[in-house]
Amino acid sequence: MRNKNKMENGSVSPWRWIPTLYIAEGLPYFAVNTLTVLMYVNMNISLKEMAFFTGWLYLPWVIKPFWSPFIDLFKTKRIWTISMEGIICLSMAAIGFFLPFSFFFSATLVFFWIMAFASATHDIAADGYYMLELSDHDQAAFVGVRSTFYRIASVIGQGGLVMLAGYLEETMGDIAAAWRAVFLVLSLFFLCITLYHSRFMPKAKDDKPVPGVTAKTILKDFAMTFVTFFRKSGITAAICFMLLYRLPEALCVKLVQPFLVSPLSEGGLGLTTREVGFVNGTIGVIALLAGGILGGLAIANGGLKKWLWPMALSLTLPCGVYCYLAMVQPLDFSLICCAIGFEQFGYGFGFTAFMLYLIYFSRGKNKTSHYAFCTAFMALGMMLPGMAAGWLHETLSGINIFGGSAPQGYINFFWAVMICCLATFAVCLKLKIDPGFGKK
């Protein structure tokens with residue numbers, strides 16, 4: 001039997017670097033977009049400030065298509081990948097260093113910004129390296145492996161690290177020290193990853209600056225791609241879909257974790273940080289994956305057009321569980337887990353239609369570049385509503401729609417999210433999709 005650490009030609013097996021590469025791709029993303037929310041809330045940053053400033057951290061993924069072509073000009077994808085891992089390592093160490101200080105919010109935001117740009121650049125370089133190092137056959141063979149380890153990063157980032165922070169908060173009695181320890185552990189991990197990849201990521205034969213490519217030619221090609229993208233048939237309906245299909249989720253994502261940990265007296269559920277890590281990192285991720293797998297099977301058997309509306313309903317209506325949780329404030333942890341699992345399953349099922357539509361709309365001569373534009377609009381659709389979520393919660397907090405003396409902020413906010421589901425339905429009305437697209 002062939003040693004899986006060595007290929008037949010004697011080169012380093014992809015098993016030696018693909019798992020670590022895609023864990024390294026996922027962890028910074030979840031640190032920037034998930035850990036920040038809970039950490040800042042636990043450290044008494046207001047919801048309005050937290051949502052607005054952490055919402056800006058999506059920007060590097062929004063504008064990623066604008067600078068990704070320039071990576072071809074300098075050095076190699078391997079050097080870019082390893083360099084970005086080193087910058088991520090230093091950023092995490094700096095965040096841990098500044099957390100105990102009184103000015104931690106502004107200082108750590110600076111380094112989260114640096115980490116976000118490094119992470120987005122790492123995405124570009126790592127995916128490019130994957131395609132250069134592997135043959136077409138091996139790319140297909142390992143696509144499931146890279147996806148699996150990215151999901152493992154999701155479990156670690158949204159579950160394991162949050163549970164560790166919760167455990168340290170309880171044992172140390174110091175929230176800043178607990179999160180400082182978490183980011184120093186992450187920094188040490190990325191130091192190991194950087195050194196490991198320096199040793200075990202092979203130097204691909206074709207991984208070198210593209211000959212004849214200059215900044216001028218890149219700008220010219222980019223301008224042409226930009227023009228052809230916005231000349232595509234149905235572009236207005238497509239952009240509205242990319243921006244608004246996930247509007248309910250984009251609003252929820254910044255306030256769900258604060259809602260879970262806020263005391264009952266403030267309208268929350270009063271969970272501990274450890275409980276939030278468990279429900280999001282285990283129950284939530286399993287339900288999300290199950291929904292995504294079932295969604296893929298459904299479209300393969302019926303096509304995207306047939307399943308678009310069921311998936312739009314699946315994405316939006318389960319948000320109603322948060323209306324229920326906010327109004328009832330149940331104390332039964334198993335009930336809360338079931339409710340969030342149900343919502344995540346619905347999201348996973350409904351999100352399948354969104355991602356497949358991006359592929360559908362990107363078809364054509366410049367499909368890779370056009371798909372990058374689609375993902376940029378996807379990130380923008382998450383960024384802008386997320387920035388406004390805290391303001392919306394604060395604005396609605398003073399309105400007593402449902403009566404009673406309990407705090408109304410979360411109740412009103414989640415009902416506002418349900419109203420925003422109408423935007424999801426509206427953008428689905430204008431889409432034109434070939435009936436056979438997506439079928440086997």
Original post:
Taking the stretch 261-281 on its own, how many of its residues are free of Cβ contacts under 8 Å to residues at least 40 places away in the same chain and either buried (at least 19 other Cβ atoms within 10 Å of the Cβ) or within 18 Å of A153 (Cβ to Cβ) (or both)?
Top reply: 0
**OP:** Can you give me the number of residues within the stretch 115-171 that are open to solvent by 10 Å² or more (accessible area, probe 1.4 Å), touching a Ser or Thr at 6+ places or on another chain (Cβ under 6 Å) and of a type outside the set (D, E)?
**Re:** 2
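Per-residue answers, yes or no, for (1) free of Cβ contacts under 8 Å to residues at least 40 places away in the same chain; (2) under 30 Å from M43 (Cβ atoms); (3) touching a Pro at 6+ places or on another chain (Cβ under 7 Å):
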residue: Y130; (1), (2), (3): no, no, no
residue: A153; (1), (2), (3): no, yes, no
residue: H197; (1), (2), (3): no, no, no
residue: V227; (1), (2), (3): yes, no, no
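Going by the structure shown, is T375 free of Cβ contacts under 8 Å to residues at least 60 places away in the same chain and either of a type in the set (D, E, K, R) or open to solvent by 20 Å² or more (accessible area, probe 1.4 Å) (or both)?
Values: free of Cβ contacts under 8 Å to residues at least 60 places away in the same chain: no; either of a type in the set (D, E, K, R) or open to solvent by 20 Å² or more (accessible area, probe 1.4 Å) (or both): yes.
The answer is no for T375.
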**OP:** Have a look at L325, L335, L384 and point out the one that is in a helix (DSSP H, G or I), open to solvent by less than 50 Å² (accessible area, probe 1.4 Å) and hydrophobic (A, V, I, L, M, F, W, C).
**Re:** L325
Original post:
Could you give every pair whose Cβ atoms fall below 6 Å, whose first residue belongs to the stretch 282-306 and is among the aliphatic types (A, V, I, L, M), and whose second residue is in a helix (DSSP H, G or I) and surrounded by fewer than 19 Cβ atoms within 10 Å (Cβ to Cβ), counting only separations of at least 6 or pairs across chains?
Top reply: I283/C337
Original post:
Would the stretch 415-430 turn up any residue that is at pLDDT 90 or above, among the hydroxyl-bearing types (S, T, Y), out of contact with any His (no Cβ under 7 Å at 6 or more places or on another chain) and in a helix (DSSP H, G or I)?
Top reply: yes
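Restricting attention to helices (runs of 4 or more DSSP H) lying wholly within the stretch 200-254, give those where 2 or more residues are surrounded by fewer than 16 Cβ atoms within 10 Å (Cβ to Cβ). Show your work before the answer.
Details: elements: 215-230, 235-244, 247-252.
By residue number, 215-230, 235-244.
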Original post:
Which residues, counting only those in the stretch 10-52, are open to solvent by 30 Å² or more (accessible area, probe 1.4 Å), assigned to a helix (DSSP H, G or I) and within 16 Å of H197 (Cα to Cα)?
Top reply: W15, R16, T20
Original post:
Out of S334, S314, which single residue is among the polar types (S, T, N, Q) and out of contact with any helix residue (DSSP H, G or I) (no Cβ under 6 Å at 6 or more places or on another chain)?
Top reply: S334
**OP:** Give the number of residues within the stretch 86-114 that are in contact with a Phe, Trp or Tyr (Cβ under 6 Å, 6 or more places away or on another chain) and either open to solvent by 30 Å² or more (accessible area, probe 1.4 Å) or not hydrophobic (A, V, I, L, M, F, W, C) (or both).
**Re:** 4
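The values are calculated or read from the model by the stated rules, or taken from the named source; none is laboratory data. Every value quoted in this text rests on a predicted model; they were computed, and no experiment measured them. Ideal geometry is used to build each Cβ from the backbone, glycine not excepted, and the neighbour counts take in all protein chains shown. In case anyone asks, the SASA skips ligands and DNA or RNA and just uses the protein heavy atoms, side chains included. Shrake-Rupley method; radii C 1.70, N 1.55, O 1.52, S 1.80 Å.
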